[in-house]
Amino acid sequence: DVSGKNKRDIAKYFDVTEMTMGRAINRLLANDLCFEEKDNTSKLVNFISKDELWEFLRERIGSPVKEEIYMEQKPQGLPRSGISALSKLTMLAEDDIPTYGISKKEFKKNYEKEDSVFKDFAKAKIEIWNREPILTKKGVINPLDIYIIHKDDEDERVQIELEKLLEENRFEIRKNND
């Protein structure tokens, strides 16, 4: 739990820069998802309850994926995203074409010059995100991002595996009418 820690400690915990963490916390503050308390010389960040945070994520956060393209070559060093990420963490079968996530900025810097191809000729699908895929583990995006990307997927198999994944990570999917 990172509640009650300062921004520097939270940044270290998530292995991101203090500037990145500061921007993230400012967004959380703007949405009333956390608050700061002054403690002598520093400000400590305290978060609203896990249930309230989860409800906010479920209802108000959209998929970070803004564009999908298909490429002839598999990218190096990118985390698995989409169904590929879900299949790495659950019993769901992998798609024929593996999916990777990257921010728009990094894509422009590293891959924009490469030609996209039709799906039939692709060796990889690239999901271009509106932000950097963070909190990756073992080359896979984090379970919350997996959920956010696929929460509206109509495939029953995907929904079953999403529910299992979230339960393993101590989150519950509660529908509005539950």
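Provide Rg over Rh for segment 41-95; use the alpha carbon set for both Rg and the Kirkwood Rh (inverse mean inverse pair distance).
Rounded to two decimals, Rg/Rh equals 1.14.
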Exercise. For the chain, what % of the accessible area comes from carbon and sulfur atoms, probe 1.4 Å?
Worked result: 46 percent
Exercise. Rg and Dmax of segment 87-126, Cα atoms, in Å?
Worked result: 12.4, 36
Seminar exercise, completed: Distance in nm between residue 38 and residue 118 label points, each 7 Å along Cα→Cβ, equals 6.6 nm
Exercise. Hey, what's the Cα Rg ratio for segment 104-169 versus the globular rule of thumb, 2.2 N^0.38 Å?
Worked result: 1.35
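Rg/Rh for segment 1-77: what does it come to with C-alpha atoms and Rh from Kirkwood? Write down the numbers at each step before the final one.
Details: Rg = 16.2 Å, Rh = 14.7 Å.
Radius of gyration over Kirkwood radius for segment 1-77 works out to 1.11.
Which percent, to the nearest 5, of DSSP beta bridges fully inside segment 28-147 are antiparallel? Display every interim value, and only then the final one.
Numbers: 15 of 21 bridges.
Counting DSSP beta bridges with both partners in segment 28-147, the antiparallel share is about 70 percent.
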Problem set entry | Modelled FRET efficiency - R0 45 Å, residue 72 with residue 30, Cβ distances, 0.05 increments | 0.65
Problem set entry | Length gained when the stretch residue 3-residue 61 is fully extended (0.36 nm per residue, less Cα-Cα span) | 18.8 nm
Exercise. For segment 1-138, what is the accessible area per residue in Å², given a 1.4 Å probe and the full set of protein chains?
Worked result: 67 Å²
Seminar exercise, completed: Stokes-Einstein, Kirkwood over Cα pairs, segment 65-154, 37 °C, 0.692 mPa s; D in µm²/s equals 250 µm²/s
Exercise. Considering the Cα trace of the chain, what is its radius of gyration and what is Dmax, both in angstroms?
Worked result: 17.9, 61
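The values are calculated or read from the model by the stated rules, or taken from the named source; none is laboratory data. Note that the structure is predicted; figures quoted are calculated from it, not measured. Cβ sites come from the backbone with ideal geometry, for glycine too, and all protein chains shown count toward neighbours. Protein only, heavy atoms only, side chains kept; ligands, DNA and RNA dropped before computing areas. Shrake-Rupley method; radii C 1.70, N 1.55, O 1.52, S 1.80 Å.
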